[in-house]
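In what follows, a single structure is set out as structure tokens and then discussed.
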Amino acid sequence: GPYNSSSLFVHTHTRPCYQSLLFVMTLSMYSVALLSTLTCLSDGFSVVSGPAFHAASSSSLSAATMTRFDRLKKNYKGPKLNIDTSSIDFSYEDFSSSVESTLISFNRNDVITGSVVQYENGGALVDIGAKASAFLPLAEAGLALEASQDKAAIEDLVALDSPRQFQIISEEDENGQLLVSIRRIEYREAWERIQALQEQDDVFEATVVAVNRGGAIALVEGLRAFLPGSHLTGALPDDDLIGQTIPLKFLEVNQEANKLVVSNRRAVVEKQMKDLSRGDVVQGLVKAIKPYGAFVEVGGMSGLLHISQISYDRIDDLESVLSPGTVVKCMIIDHDKVNGRIALSTKTLEPEPGDMLKDASRVFDMAEETAKRYHERMEAERRAREEAAKDIVLGLGDGEGGDDPLADVTDSLESVLEGEQKE
């Protein structure tokens, strides 16, 4: 209602008193709070006064000392059951100790048996008999990831509920969980197989999974091996090579340096060398011209056609006879199967001496026919030499009396000593 004169007097004169009282009370509260804080600091954070600070400090200290189970129990909001445990002859401590006694101790690098029980984002959970399931990261799910250009899914790499071996690669975390790996077991087994292949020195096949500027990458027993471009036969290291399976042999195996180098040329050469022999006529491609002859590629092998084996006539300018890229037919006159080298000749294929300089195409067209005649001539000469050697041996045995030039020859000790005394 409207103020009268008396009420207005009381209101205007008592309001400053209320304001003063509120100021004094607020100042007192801040003083008490400041005193409690200083007391906490001086006593090592042990609260001796102040009910609000005492409650907050007690809760923070108790939270720091609580276990994970205690925290879960405190935050539990479900129904609580009052169970009478007086008739049970063991306590929670007894049960915990019995569980601990049945748990197996796991160490880093141990190989254990387990099975995948659940797929997770970025990996899988593995039951290994520990108090918590181990975790298998996707990157450790196997060597198959090396061959995959796209990101593989964990479901495609490991099957559920299928027992297999895992290697422990970490210590337990705060929840008792371990990290395990399949890839490291397969990596070790792959190197063992590669060492065995190297000792046998056999030809094996592998698939090309990538190419680069220096060559190609092939997958050997799940491991990436480098194939230099210079050791690639009949193909170039381009995208068309990816996915092809080619024969290979090892050039270098170094497990400590994680280095694998393979050769396609060596495998091809070894395979072809088994079918080649001296006197065979082969077709090749001139790759380079040198002052001393031409290098001819024959089925992935590099053969030397020496200038002295090109023609019976003298050659003054080799480049006028042969040039890089020319397809030629040659006869193998020697070969080194260990190093994959062959010596070639076109001189033996000339129908007439000097035909390589006059008409090389005629030499190549008649190569097989000329080689046949050459072999027949060589065989006839070989038989003639054998007959001549046989006649010489028989002639030495047909001599009579003094006609035998070896009749007076003796190697007895007495004859040697007598001869020295006469001298």
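The values are calculated or read from the model by the stated rules, or taken from the named source; none is laboratory data. Because the structure is a prediction, the values reported are computed rather than measured. In this analysis, Cβ positions are derived from the backbone assuming ideal geometry, glycine residues included, and neighbour counts consider all displayed protein chains. For accessibility, only protein heavy atoms count, side chains too; no ligands or nucleic acids. Shrake-Rupley method; radii C 1.70, N 1.55, O 1.52, S 1.80 Å.
Things worth noting here:
- When Rg and the Kirkwood radius Rh are both evaluated on Cα atoms of segment 152-222, their ratio Rg/Rh stands at 1.10.
- The 1.4 Å probe gives accessible areas that order 369, 140, 205, largest first, as 205, 369, 140.
- Extreme residue, positive dipole direction of segment 235-374, given options 255, 307, 321 (C-beta unit charges): 255
- What the Cα atoms of segment 231-341 give is an Rg and a Dmax of 16.8, 57 Å.
- Spatial separation of Cα centroids for segment 248-315 and segment 331-387, in angstrom: 19
- Heavy-atom SASA rank of 97, 115 (probe 1.4 Å, accessible area, largest first): 97, 115
- Cβ-derived FRET efficiency at R0 25 Å, residue 352 paired with residue 383, nearest 0.05: 0.50
- Peptides 263-276, 156-169, ordered by how many other C-beta atoms sit within 10 Å of their residues on average, highest first, read 263-276, 156-169.
- Amide H contacts under 5 Å for residue 313, placed H, 5+ residues apart: 354
- Amide H within-cut-off set for residue 142, under 5 Å, with H built and near neighbours excluded: 182, 183
- Taken one residue at a time, the phi angles of segment 154-166 give Karplus couplings (6.51, -1.76, 1.60, θ = phi - 60°) of 5, 5, 7, 9, 10, 9, 6, 6, 10, x, 7, 8, 9 Hz. Gly and Pro are set to x.
- Converting phi to 3J(HN,Hα) with the Karplus coefficients 6.51, -1.76 and 1.60 and the offset θ = phi - 60°, segment 176-192 yields x, 8, 10, 9, 10, 9, 9, 4, 6, 5, 5, 5, 5, 5, 5, 5, 5 Hz in sequence order, with x at every glycine or proline.
- In this structure the amide hydrogen of residue 120, modeled in the peptide plane, comes within under 5 Å of the amide hydrogens of 125, none closer than 5 places in sequence on its chain.
- The phi torsions of segment 361-373, fed into the Karplus equation with coefficients 6.51, -1.76 and 1.60 and a -60° offset, translate into couplings of 5, 5, 5, 6, 5, 9, 4, 5, 5, 5, 5, 5, 5 Hz, rounded to whole numbers, with Gly and Pro shown as x.
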